[in-house]
Amino acid sequence: HLFSMTDTADVHVGTNGWLFTTISIEDSIKKACEDSAHIEQMVLALHALERVITASGRQFIFTVVPNKSTIYPEFIGFIPKAGSCRRSRYDMLLEAFQRHPLKSFVRLDHRLQKAKTDKAWLYHPKGAFWNSRGAEIAAAALWSWFSPITPAMNPV
């Protein structure tokens with residue numbers, strides 16, 4: 001990454017040599033707004049599924065694993081802006097959940113952002129997936145959601 005370039009278009013070199021998969025940052029800079037209707041449909045389907053499952057006496061849980069660029073945007077570096085959306089698919093998903101609240105949505109991005117430090121990464125600067133610490137934070141968030149379950153409620 002000497003010239004902030006790689007030998008593949010699938011990798012973006014960010015600040016301080018941080019590597020990101022291009023697809024993980026693409027939706028913020030390309031045409032994510034084209035997917036707004038699809039995201040709205042998906043949220044309505046999740047909302048209906050949650051109602052059906054809870055009506056059957058079970059609990060439903062839904063989460064989205066945030067990508068590295070969501071947790072460490074400060075290391076992305078320069079990305080040429082394309083399109084006028086300026087919102088990621090995840091942002092649009094959160095907006096749709098505001099219109100159609102999903103009681104069982106466990107939001108991980110805030111917990112991961114709060115837990116990140118310079119000394120203990122949640123993603124390795126050159127890796128694409130969480131490390132064990134990132135997975136531990138997410139598992140604790142999911143476990144805390146399940147802990148108030150009564151014996152009559154069985155998670156799906």
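The values are calculated or read from the model by the stated rules, or taken from the named source; none is laboratory data. This one's a predicted model, so the numbers in the text were calculated from it and none came from an experiment. Cβ atoms come from the backbone with ideal geometry, glycine included; neighbour counts cover every protein chain shown.
When SER147 is tested against (1) loosely packed, with under 11 Cβ neighbours inside 10 Å; (2) closer than 26 Å to GLY17 by Cβ; (3) at pLDDT below 85, only condition (2) is not met. Of the helices (runs of 4 or more DSSP H) lying entirely inside region 46-140, those containing at least 2 residues that are farther than 22 Å from PHE20 by Cα and touching a residue at least 40 places away in the same chain (Cβ under 8 Å) span 89-99.
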